[in-house]
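Novice: Okay, here's the structure, questions in a sec.
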Amino acid sequence: MTRTLEPTLQGAAATAPAPGPLPAHVRVAVVGSGFAGIGTAVRLLQEGVEDFVVLERASSLGGTWRDNTYPGCACDVPSHLYSFSFAPNPRWSRAFSPQPEIRAYLEDVAARFGVLPHLHCGTDLLAGTWDDDALLWRLTTSRGDLTADIVVSGCGGLVEPAYPDVPGVGSFAGPAFHSARWDHDVDLTGQRVAVVGTGASAIQFVPAIAPQVAHLTVFQRTPPWIVPRLDRAYTEPEKALWSRVPALLHASRAAKYWFRELQLLAFTDDGRLRSAAQREARRHLARQVPDPELRARLSPDYAMGCKRVLISNDYYPALVQDHVEVVDCGVREVTPRGVVDASGREHEIDVVIYGTGFRVMDIPVARCLTGREGRTLGQEWSDGGAQAHRGTTVAGFPNLFLLLGPNTALGHSSVVFMIEAQISYVLEALRALDRHGVRALEVRRPAQDAYNAALQAQLDDTVWNTGGCRSWYRDENGRNFTLWPTHTFTFQRQTRRFDAEAYELRTAARSTAP
Ligand SMILES: Cc1cc2nc3c(=O)[nH]c(=O)nc-3n(C[C@H](O)[C@H](O)[C@H](O)COP(=O)(O)OP(=O)(O)OC[C@H]3O[C@@H](n4cnc5c(N)ncnc54)[C@H](O)[C@@H]3O)c2cc1C
């Protein structure tokens, strides 16, 4: 029997009615209500733009922080930095706050800044087509159609759960679910649990569930580099001080920002800083895993940073417990009774949990948006890989802005910083449309190509490309389509001004490529 592993987002609540009917036309349609969508909505309102909607397919806002409810879920960039610059929060409970707090923060920001009247939950963008005669986007949603002058996609890259590419996934007879769709109805107490994957989510939930289960088998394909998590609870006096003296909160954020920008050098320098960081990570492993045999199996054989560096104080201690087993030869097959590892041994299991990440290269928005030349974004990117100008605009797709588009993710800091830089760029573009009295703007292909050639050259010497690992940062051809190659302030500088000279600005339809 093959079953689906993906319940609807947020279960029954996904059917909750959205506020009011969709307008027939808006100036801006924002898609998604995570950090990107909510941040855009707030900044539009601050800019005086009221004529917009936020389309969200799930029943409530929050994106990543609504969908990932697994035990132990928290950010791994400090909260003072992993939050909006325009909405600092002195009340974070910890240095790295847990998921419910981050979700509540986004809900609070949306309410406080007046976003909720614009939010249409339960509204899945199914298709969007650029109409080059009318110079607008024609959008089809699960709740009806609308048109928009401008589309801002905040659809996220880590939204569609990925499952291992092995036979039998879906055939398991017991409960099986992905960490991003945690099934809280399944009681793990006393169960034999398999965890497939050892990425950023798994290292958070493995220690959280280990005390509860009878036996835990962790299937590891590649061991991650793990460094200590410098986490602590903030005290009430600290929080009170940050509330009363915002400059101190700002200073805390700035200190965390610059520390992370320094850390970047470990990924981009000649390897000396990285060697020091690797030594520290090995010491962390040695302190927490006394058994040399297990330690060897948990030791990465690629350069640190090539895959995302993880932070944890309790993952290794969870693995050394007697009832926890690490299987490091990978998974060959899932059967109705359990999981068969690559050596052919079948592990009998009661519950399977997939901590196998996301389909980064297969985001639905790439399939559903069709540009001026009648091609979807996915088709546009099928030859040369996903690419955009300044990570945001794509030739052939007028008036479309992709937040956290190609090469805007980070290996070292908060993507909220990148999102805010992109939103500034979008607002600059809107101002340029008004200033020039035009209705459409489209990046010129040569400008986009030149931008990407320079960006890829910069990535060439970084550990993300040379570190000797397989990671979701790179596509099947080895091209790094996700990461920004250098300091985030460089991206901020690039997106501060709208480079109109790179664009074709139009008041009427055109039929030839720019
Ligand atoms: C467990 C976890 C922890 C993370 N921790 C960190 C961290 O510490 N630091 C960091 O920098 N990054 C972290 N990330 C990355 C994280 O995804 C980003 O930081 C950020 O939350 C992305 O925000 P977003 O708004 O772009 O996308 P998302 O938060 O993914 O939101 C996208 C929204 O778009 C909606 N949507 C998608 N398609 C459609 C459609 N067709 N129609 C309507 N709605 C649609 C989705 O339902 C979702 O609500 C983490 C990711 C995960 C999964």
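Only the coordinates and a few stated rules stand behind these numbers; no lab work does. None of these values were measured; they are calculated from a predicted model. Here the Cβ is made from the backbone with ideal geometry for all residues, glycine too, and neighbour counts use every protein chain on show.
Novice: Among W137, G122, Y105, flag the residue with its Cα farthest along the positive direction of the charge dipole of the chain, charges on Cβ as +1 for Lys/Arg and -1 for Asp/Glu.
Specialist: Y105
Novice: Taking N as the number of residues in the stretch 273-419, what is its alpha-carbon radius of gyration divided by 2.2 N^0.38 Å?
Specialist: Rg over 2.2 N^0.38 Å, computed on Cα atoms: 1.45.
Novice: Hey, can you grab everything whose amide H is under 5 Å from the amide H of R143? Only 5+ residues off in sequence or another chain; H modelled, so Pro and N-termini drop out.
Specialist: D124
Novice: Only bridges with both residues in the chain count here: give the DSSP antiparallel percent, nearest 5. Write out the running numbers ahead of the final one.
Specialist: Details: 27 of 63 bridges.
Among the beta bridges of the chain, antiparallel pairing accounts for roughly 45 percent.
Novice: Only Lys, Arg, Asp and Glu count, each charged at its Cβ (+1, +1, -1, -1), so figure out the dipole size of the chain about its Cα centre, rounded to 20 debye.
Specialist: Dipole size: approximately 1040 debye.
Novice: May I pose another question? For the stretch 453-514, what class follows from the C-alpha gyration tensor (a ≥ b ≥ c being the square roots of its eigenvalues): rounded when a/c is under 1.5, otherwise prolate if a/b is larger than b/c, else oblate?
Specialist: oblate
Novice: Rounded to whole Hz and in sequence order, give me ³J(HN,Hα) for the stretch 220-231 from the Karplus expression 6.51 cos²θ - 1.76 cosθ + 1.60, θ = phi - 60°, writing x for Gly and Pro.
Specialist: 10, 8, 9, x, x, 6, 10, 10, x, 9, 7, 9
Novice: Follow-up question, since we're still on this one. At a threshold of 8 angstrom on Cα-Cα distance, excluding pairs fewer than six apart, so keeping six or more, what relative contact order does the chain reach in percent?
Specialist: Answer for the chain is 19 percent.
Novice: Residues in the stretch 341-356 near a label at E325, defined as backbone nitrogen under 11 Å from the 7 Å Cα→Cβ point?
Specialist: 341, 345-349
Novice: Taking the alpha-carbon centroid of each part, what is the distance from the stretch 422-495 to the stretch 292-328 in angstrom?
Specialist: Using only Cα atoms to place each centre, the spacing works out to 33 Å.
Novice: Check N399: other-chain or 5+ apart residues with amide H under 5 Å from its amide H, H built from backbone geometry?
Specialist: Result for N399 returns L441.
Novice: Under the rule of at least 5 residues apart or a separate chain, name every residue whose amide H is placed under 5 Å from the amide H of F358.
Specialist: Amide H to amide H, under 5 Å and 5 or more residues apart or across chains, F358 pairs with A162.
Novice: Also: What order do you get for R372, R470, R138, R43 when you list them from fewest to most C-beta neighbours inside 10 Å?
Specialist: If I rank by nearby Cβ atoms, fewest first, I get R470, R138, R43, R372.
Novice: Still on this structure, I have one more. Where a ≥ b ≥ c are the square roots of the eigenvalues of the C-alpha gyration tensor, would you call the chain rounded, which needs a/c under 1.5, or, failing that, prolate if a/b is larger than b/c, or oblate?
Specialist: Prolate, since a/c reaches 1.5 and a/b exceeds b/c.
Novice: So what are the ³J(HN,Hα) numbers for the stretch 347-360, from phi and the Karplus equation (6.51, -1.76, 1.60; θ = phi - 60°), rounded to whole Hz, Gly and Pro as x?
Specialist: 9, 6, 9, 9, 9, 10, 10, 8, x, 9, x, 10, 7, 5
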